[in-house]
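Structure first, then comments.
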Amino acid sequence: MMHNLMEISLAPSVPASLRVIPTKYNMIIHLWTHAFHKLLEALRHASFSSPLALEHLQDFIYFAYTFYTGLLEEPSLQAFCAGWLEALGDLACYRMAVAAMVTNSQLSGAALTTDAVSQAAAISADGSTDAKEKSKSEMSARSSSDLLEACIDDSPTPSVGIIAACMMDIEPEKERWRGIAKEWYAQGLADTPGTGKLHHHLRLLSREVEGEELRAVYHFVKSMTTLHPFLTSRELVLPIWSSTVQSRRSQPDATIPELFVLLHGMLFTNIQLDDFTPNLACFLRRLDIEGAEEREWIMMATVNVGAIMEYGRPGGVL
């Protein structure tokens, strides 16, 4: 209904006074909130205890993904392209969550039985989900030529076992959707570079990836110091600088980006400032010896400028 209303209000034949309806009534956010987000959250919570809800969640994500992709391609709605891109990024994040749920359910529910091994072998050989339904008796009824054909497979067998190999195929799906979400948010930033909320989304996608702590802090600083800052990001960034993680970064084997994040954690939280000078000396010494990649220099420079601006603190001097 909202989709149709937007199309009608933006038609060339409509008076200019009516073309402001989508913006005036914030229809882009209302469309996402009431038509998709509430149901997505309800299904996500229900999916933890109901496989049926998980199935419905996947179907609804694909429906919403198709819907917003269609909006993105409509010439008459290009003025709201930033909203469609953010919604597509959010949907990709939900798909990431689904991949994690499927992985956890399979890891907790799969048992290393003869039946399970037979099913996993059938899935691997046939390449379709229909093979899951085959029983052991059906598999033994194969002709001898089929069995001989299967034995001639020269591909190396997985060292971790067939079932584990099948399960491990789920994890790349999560990372694939993480990459897709990043692409949508990055495209949104290319269209509207001053949107702090999109930087906040990119920070969330980087925080749980090993070796991406510097990028997470970079996007946090950008989310707070950009033209349209996302103030909620200040409260949600604290887990990056928890005492446990900071202690690990202070170890002798910490990398240069980890030392950099450690130093800014001290500045942002005002904790362990007595250790700032020796850690800074260690960081500069390592930087002189090992150097850094160009992208790391750029991110560190941006974060340092953000620190001068007090990380976008409301009421700051700058």
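Summary table
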item: Failed condition for residue 249, given (1) without any contact (Cβ under 8 Å) to a residue 40 or more places away in the chain; (2) closer than 18 Å to residue 306 by Cα; result: (2)
item: Tally, over the range 42-85, of residues that are under 24 Å from residue 6 (Cβ atoms) and out of contact with any Phe, Trp or Tyr (no Cβ under 7 Å at 6 or more places or on another chain); result: 19
item: The range 253-275, residues that are farther than 20 Å from residue 221 by Cα and surrounded by 11 or more Cβ atoms within 10 Å (Cβ to Cβ); result: 254, 255, 272, 275
item: Restricting the range 198-223 to residues that are among the small types (Gly, Ala, Ser) and part of a helix (DSSP H, G or I), the residue that is surrounded by the most Cβ atoms within 10 Å (Cβ to Cβ); result: 223
item: Residue check for residue 211: out of contact with any Phe, Trp or Tyr (no Cβ under 9 Å at 6 or more places or on another chain) and not aliphatic (A, V, I, L, M); result: yes
item: Members of the range 290-318 that are free of Cβ contacts under 8 Å to residues at least 60 places away in the same chain and among the aromatic types (Phe, Trp, Tyr); result: 297
item: Test: residue in the range 224-238 that is without any contact (Cβ under 8 Å) to a residue 12 or more places away in the chain, assigned to a helix (DSSP H, G or I) and among the small types (Gly, Ala, Ser); result: no
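Let's see how each residue does on (1) assigned by TED's automatic domain parsing to the domain that holds residue 9; (2) among the aromatic types (Phe, Trp, Tyr); (3) crowded, with 20+ Cβ neighbours inside 10 Å; (4) assigned to a helix (DSSP H, G or I):
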site	(1), (2), (3), (4)
60	yes, yes, no, yes
72	yes, no, no, yes
78	yes, no, no, yes
85	yes, no, yes, yes
92	yes, no, yes, yes
95	yes, no, yes, yes
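The values are calculated or read from the model by the stated rules, or taken from the named source; none is laboratory data. Small disclaimer: the values here were computed from a predicted structure and weren't measured. Cβ: placed from backbone, ideal geometry, glycine included. Neighbour counts: every protein chain shown.
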